[in-house]
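Step one of this worksheet: look at the structure below.
The values are calculated or read from the model by the stated rules, or taken from the named source; none is laboratory data. Nothing here was measured: the structure is a model prediction, and the numbers come from that model. As a convention, Cβ positions derive from the backbone with ideal geometry for all residues, glycine included, and neighbour counts pool all protein chains shown. For the accessible areas, the whole protein counts, side chains as well, though only heavy atoms, and no ligand, DNA or RNA atoms are used. Shrake-Rupley method; radii C 1.70, N 1.55, O 1.52, S 1.80 Å.
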Amino acid sequence: MRWPKVIAHFEEITLAVVLAAMTLVSFTQVVARYGFNTGWGGALEFTRLLFAWMILFGMNYGVKVGSHLGVDAGIRLFPPKVFKGLAVFGALCGVAYACILISSDWLQIFGINTRGGAIAYWALNFRTGIGLDDLRYPEIIQEMFGTKERVQRWIVYLVLPTGLAFFAFRCLQAAIAIIKGEREMMIAAHEAEDLVAENKDVLKD
């Protein structure tokens with residue numbers, strides 16, 4: 001199973017790089033502003049965009065490791081087979097949700113008049129080449145590669161279709177794992193109980 005491992009490493013590396021970049025930029029910005037009365041004009045926008053990347057990749061990784069919280073009190077009242085079916089249905093709902101956000105054009109098959117999605121939005125920004133508000137290329141990059149002054153939006157917004165595609169993959173992976181009996185649900189509904197059970201003897205002498 002090579003590709004799942006490659007995707008997992010890609011998610012982990014992306015999250016680590018994004019978090020490190022956010023920390024570094026925020027720290028240097030604070031030092032520059034309060035220590036030298038200067039700073040980088042695009043730092044706020046840069047960290048905000050990195051935070052968006054972290055959210056999109058973080059939700060995918062959360063599905064993989066089962067760290068999303070949820071309420072399962074209702075479905076646990078059903079027999080095991082019905083419970084398993086509902087768990088699979090919940091995971092497949094995640095796949096459908098991601099597919100709708102990626103591109104909602106396919107819903108026209110069911111007579112739903114809707115268009116657009118992450119791919120269409122990214123393609124629009126790619127065609128127009130609109131730049132971000134504050135984030136600009138360093139002058140050396142502009143001179144060496146002849147780029148525009150502002151960083152194009154399509155470069156940053158590539159995370160929308162990419163992140164949602166990973167989310168669909170993770171939800172589908174979870175559904176298959178539930179069917180095979182390798183995991184119970186896509187969510188971690190009893191995380192608090194597990195933590196209490198693991199640490200019940202910590203305070204004992």
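Working note: Karplus 6.51/-1.76/1.60 with θ = phi - 60° gives the stretch 170-175 the couplings 5, 5, 5, 4, 5, 4 Hz, where Gly and Pro are set to x. I'd like the distance separating the alpha-carbon centroids of the stretch 51-67 and the stretch 98-153, in whole Å. A separation of 21 Å, based on Cα centres. A simple count of charges around Gln173, restricted to other residues whose Cβ falls under 14 Å of its Cβ and scoring Lys, Arg +1 and Asp, Glu -1, yields +3.
With R₀ fixed at 30 Å, the C-beta to C-beta distance from Leu69 to Ile13 puts the FRET efficiency at about 0.75. Per-residue Karplus couplings for the stretch 76-82, computed as 6.51 cos²θ - 1.76 cosθ + 1.60 with θ equal to phi - 60°, are listed in order as 6, 6, 8, x, x, 5, 5 Hz, Gly and Pro entered as x. Considering only Tyr34, Tyr121, Tyr61, give the residue with the highest GNM mean-square fluctuation for the chain, with springs between Cα atoms whenever their separation is below 10 Å. The residue that fluctuates most here is Tyr34. Determine, for the chain, the count of lysine pairs separated by eight or more sequence positions (or lying on different chains) whose alpha-carbon distance falls under 29 Å. Counting lysine pairs in the chain gives 9.
Only one of (1) 52, 42, 31; (2) 57, 57, 27; (3) 66, 65, 32 was calculated from the structure for Cα extents along the principal axes in Å, and its label is (3).
For Ile141 and Leu172, the difference between the fully extended length at 0.36 nm per residue and the C-alpha to C-alpha distance is 7.1 nm. Using a probe radius of 1.4 angstrom, the carbon and sulfur fraction of the accessible surface of the chain is 67%.
In the context of the full set of protein chains, residues of the chain present 67 Å² of accessible surface per residue (probe radius 1.4 Å, heavy atoms only). Between Thr23 and Ile179, the distance separating the two model label sites (each 7 Å from Cα on the Cα→Cβ line) works out to 4.0 nm.
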